[in-house]
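For reference, the structure discussed in these notes is given below.
All of the numbers you see were taken from the coordinates with simple rules; none came from a lab. Keep in mind that what you see is a predicted model, and the values were worked out from it rather than measured. For neighbour counting, all protein chains shown are included, and Cβ atoms are generated from backbone atoms with ideal geometry for every residue, glycine included.
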Amino acid sequence: MVVVSMLIAGGNSTYKGITLFEKEGECISENSFKVFQVLDSGEALANEVKQGYLIPTGLTVLFLNEDGLSYYDDQVIKIPSGKCAKQIGIFKYSAKSGMEKTVPIVGIRNKIEKVVIDHLFYLLHNIIS
């Protein structure tokens with residue numbers, strides 16, 4: 001079990017231990033995740049699991065309770081086709097063992113393939129030239 005204390009800091013709706021990035025990061029997974037703990041604030045700690053199996057891969061993440069989503073223990077969060085789990089921040093907490101942990105905060109976002117980005121840059125370059 002994880003012991004986490006999260007406090008609202010000031011008026012900016014950020015929590016202790018949570019750092020959100022200014023821009024979305026890279027896709028870190030297209031696999032499903034299994035929730036192992038829901039925090040009092042509604043966020044969920046989850047382990048990535050291999051597609052078609054519930055075998056943990058070793059990646060632990062935090063899902064924010066965006067758009068009023070609620071989570072429950074043992075819930076399997078599936079990543080829809082064309083989307084991925086993108087890193088949007090980091091979460092630092094103390095495990096029950098007293099060990100400090102840092103895990104990525106992820107959001108389910110649209111996936112843009114590198115091929116599409118390369119093609120857009122190619123088109124933009126030809127328009128400018």
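Taking a ≥ b ≥ c as the square roots of the eigenvalues of the Cα gyration tensor, an a/c ratio of 1.5 or more together with a/b no larger than b/c marks region 23-74 as oblate.
Full extension of the chain between LYS92 and ILE55 gives 10.9 nm of extra length, using 0.36 nm per residue less the Cα-Cα distance.
Across every pair of different alpha-carbon atoms, what Kirkwood hydrodynamic radius in Å does region 40-118 reach?
Values: mean 1/r = 0.0708 Å⁻¹.
The Cα-based Kirkwood calculation yields 14.1 Å.
Loop-located chymotrypsin sites (Phe, Trp or Tyr not before Pro) in region 48-97 (DSSP state other than H, G, I, E, B) with a sparse environment of at most 10 neighbouring Cβ atoms within 10 Å: TYR53, TYR72.
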